[in-house]
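Written out below as structure tokens is the structure these notes cover.
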Amino acid sequence: MRINSHTNVPAVVERFLRYVRIDTQSDASSDTVPSTEKQKNLSCLLVNELREMGYPNAFMDEYGYVFCSIHRIRTDNSQQNQAVLGLLAHLDTAPDESGENVHPVVHPPYQGGVIQLPGDTSVRLDPERSPGLLNHLGERIISSDGTTLLGSDDKAGVAILMQLAEDLLHDDKTRPEIRLCFTIDEEIGRGVEHMDLGSYGADVAYTLDGGSINTISFETFHAVLVQIDITGRSVHPGYAKDILVNAMRIAAEIVAALPVDEAPETTELREGYLHPYHISDSNVTQSTLQIIIRDFSDEGMDQKKQLIHQIVEEARTRHADARIQVVFTEQYRNMRSYIEDLDFRTVTFARKAAQKMGFTLKEELVRGGTDGARLSERGLPTPNIFNGGYDYHSRFEWNTVENLEHALAYSKELVRYWGEHG
């Protein structure tokens, strides 16, 4: 059944279903901030909702970031000098699939088997492809109609934090000073580039941007962007012998030289990869190739960089009349060492809060990027905690009603634990 205003869902789910309908897809090819102006549509909505709740301090800055402070509540048992707790989620959705005209669907309690999505019947939620479905029997699956992504990454986190803000207005339990932040352009690696951490004022933080239920992530890839600019020489193809230098062909040779067993589609867990993902300005005369390199270790990253250098040098030897330039740009680094050095309580307290709720928080590697990696590198230790979503960046994306409720309850327990022990 397609969701409507009369469907009986909890408030956090109702928020989520509203937010995913707002197109906030980011654009890596844009040099504006944010990369798409439409992200500010959700920013403005959140500011208005926060102010209507009773937070007059909520505001959007010039870039589209949304900030809101929630004041601490002390009890006799709370610490005198408490850490200020930051909680973050990002507004944008990934460019990988369309985020326009999202039609969320709340399915009946899942009984196993395949769920065929109504907007495109070729898109099926199948436990063979997504075995996590079988861990959510009896729960109400939320998906798109199959024609778009869902947007659980990270509008689930946005909805959870917004509902948390509303619920805390009626909660007199101990809590620290809390600084909410909703960021832009996380999906294209620019989520906190323009964020003023001094003004934000948090001592420790969490992003609610993790996936599968009951997980914490505090280890990510090292990430490097490689850009290879190739300049060839054009001439009429009928008279091209020993004259034509085809930039497109050189780009194709470089891609073909990348090892197949070190690709995203052939690696998992702690295995790194080299991923050619974008060719722009491509013609005979000029071609720009972008490759992303990922690895969990410095040694592995160095080996992959050296391989790129080797491939480029071999291309230069074969095509002496071409100009081939390569630039390596650091994107983010493995966040684990920063968190361990800065304040590992962000991990231990998160685990303790889970134990108080009766479950064990599982460590999950991030085979991708997160605002938490950049924040940790900049001095704000920021692990990533779950929002309940699965199969991000695809039309197969899903979450559940119960996951959103559980993630909200956990965020409240985490806030209380920091208020009591932080």
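Checking the structure you have, find out if any residue of the stretch 49-62 is over 28 Å from residue 382 (Cβ atoms), assigned to a loop (DSSP other than H, G, I, E, B), modelled with pLDDT of 95 or more and within 23 Å of the chain's Cα centre (by Cα). No: zero hits. Among residues of the stretch 375-412 being among the charged types (D, E, K, R) and assigned to a loop (DSSP other than H, G, I, E, B), the one that is nearest to residue 335 (Cα to Cα) is 378. Residues in the stretch 269-279 that are surrounded by fewer than 17 Cβ atoms within 10 Å (Cβ to Cβ), touching a residue at least 12 places away in the same chain (Cβ under 8 Å) and assigned to a loop (DSSP other than H, G, I, E, B): 269, 270.
Residue-by-condition table, conditions (1) among the acidic types (Asp, Glu); (2) surrounded by fewer than 21 Cβ atoms within 10 Å (Cβ to Cβ); (3) over 17 Å from residue 205 (Cβ atoms):
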{"residue": "363", "(1), (2), (3)": "yes, yes, yes"}
{"residue": "367", "(1), (2), (3)": "no, yes, yes"}
{"residue": "378", "(1), (2), (3)": "no, yes, no"}
{"residue": "391", "(1), (2), (3)": "yes, no, yes"}
{"residue": "399", "(1), (2), (3)": "no, no, yes"}
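The residues in the stretch 145-162 that are hydroxyl-bearing (Ser, Thr, Tyr) and under 18 Å from the mean Cα position of the chain (by Cα) can be counted, and the count is 2.
Conditions (1) out of contact with any helix residue (DSSP H, G or I) (no Cβ under 6 Å at 6 or more places or on another chain); (2) more than 20 Å from residue 137 (Cα to Cα); (3) touching a residue at least 24 places away in the same chain (Cβ under 8 Å); (4) outside the structural domain of residue 160 (by TED's automatic domain parsing), marked per residue:
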| site | (1), (2), (3), (4) |
| --- | --- |
| 372 | yes, yes, yes, no |
| 384 | no, yes, yes, no |
| 388 | no, no, yes, no |
| 403 | yes, no, yes, no |
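Put simply, of 69, 143 the only residue that is at pLDDT 95 or above, over 21 Å from residue 388 (Cβ atoms) and among the hydroxyl-bearing types (Ser, Thr, Tyr) is 69.
Within the stretch 234-250, does at least one residue satisfy the condition of being assigned by TED's automatic domain parsing to the domain that holds residue 130, in contact with a helix residue (DSSP H, G or I) (Cβ under 9 Å, 6 or more places away or on another chain) and under 30 Å from residue 325 (Cα atoms)? No, every residue in the stretch 234-250 fails to be assigned by TED's automatic domain parsing to the domain that holds residue 130, in contact with a helix residue (DSSP H, G or I) (Cβ under 9 Å, 6 or more places away or on another chain) and under 30 Å from residue 325 (Cα atoms). In the set 210, 191, only one residue is more than 21 Å from residue 409 (Cβ to Cβ) and in contact (Cβ under 8 Å) with a residue 24 or more places away in the chain; that residue is 191.
All of (1) part of a helix (DSSP H, G or I); (2) on the phi > 0 side of the Ramachandran plot hold for residue 138 with one exception: (1). Looking at the stretch 161-183, can you tell me whether even one residue there is on the phi > 0 side of the Ramachandran plot, in a loop (DSSP other than H, G, I, E, B) and touching a strand residue (DSSP E or B) at 6+ places or on another chain (Cβ under 7 Å)? Within the stretch 161-183, none of the residues are on the phi > 0 side of the Ramachandran plot, in a loop (DSSP other than H, G, I, E, B) and touching a strand residue (DSSP E or B) at 6+ places or on another chain (Cβ under 7 Å).
The values are calculated or read from the model by the stated rules, or taken from the named source; none is laboratory data. Small disclaimer: the values here were computed from a predicted structure and weren't measured. Counting neighbours? That spans all protein chains shown, and the Cβs are built from the backbone with ideal geometry, glycine included.
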